[in-house]
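So the structure is just underneath, and the comments pick up after that.
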Amino acid sequence: MNYYCKKTHGVPALFSFFIPGLGQLVKGDLSKAVGIWAALAFCLFMSIVGIGFLMGLVVWIAQVYDAYNA
């Protein structure tokens, strides 16, 4: 694992901004990355009902925040 990416917060947050879960994966949190992907898949499914877009936006913002602070 790259020591630089573990030490800084901005690079993983930038990765997560463009590809959800990638920042957590770069930091070595595989379980968080898989959880984010599962949550976004659920939100995509819930888009059929109409609430999935809002839920997906909340998940996306939370995972960028987590990649920056965790």
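Results for (1) modelled with pLDDT under 85; (2) of a type in the set (Asp, Glu); (3) in contact with a Cys (Cβ under 6 Å, 6 or more places away or on another chain), shown as yes or no for each residue.
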{"residue": "Met1", "(1), (2), (3)": "yes, no, no"}
{"residue": "Phe15", "(1), (2), (3)": "no, no, no"}
{"residue": "Ile19", "(1), (2), (3)": "no, no, no"}
{"residue": "Asp29", "(1), (2), (3)": "no, yes, no"}
{"residue": "Phe45", "(1), (2), (3)": "no, no, no"}
{"residue": "Gly50", "(1), (2), (3)": "yes, no, no"}
{"residue": "Gly56", "(1), (2), (3)": "no, no, yes"}
**Message:** Any residue that is surrounded by fewer than 16 Cβ atoms within 10 Å (Cβ to Cβ) and among the aromatic types (Phe, Trp, Tyr) - is there at least one of those in segment 5-16?
**Reply:** no
**Message:** List the residue pairs whose Cβ atoms are under 9 Å apart, where the first residue sits in segment 21-50 and is crowded, with 18+ Cβ neighbours inside 10 Å, the second is assigned to a helix (DSSP H, G or I) and among the acidic types (Asp, Glu), and the two are 6 or more positions apart or on different chains.
**Reply:** Gly23/Asp66; Gln24/Asp66; Asp29/Asp66; Lys32/Asp66; Ile36/Asp66
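Residue-by-condition table, conditions (1) assigned to a helix (DSSP H, G or I); (2) touching a Gly at 6+ places or on another chain (Cβ under 8 Å):
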residue: Cys43; (1), (2): yes, yes
residue: Gly50; (1), (2): no, no
residue: Leu54; (1), (2): yes, no
residue: Ala62; (1), (2): yes, no
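The values are calculated or read from the model by the stated rules, or taken from the named source; none is laboratory data. Everything numeric in this text was worked out from a predicted model, so none of it was measured. So basically every Cβ, Gly included, is an ideal-geometry build from the backbone, and we count neighbours across all protein chains shown.
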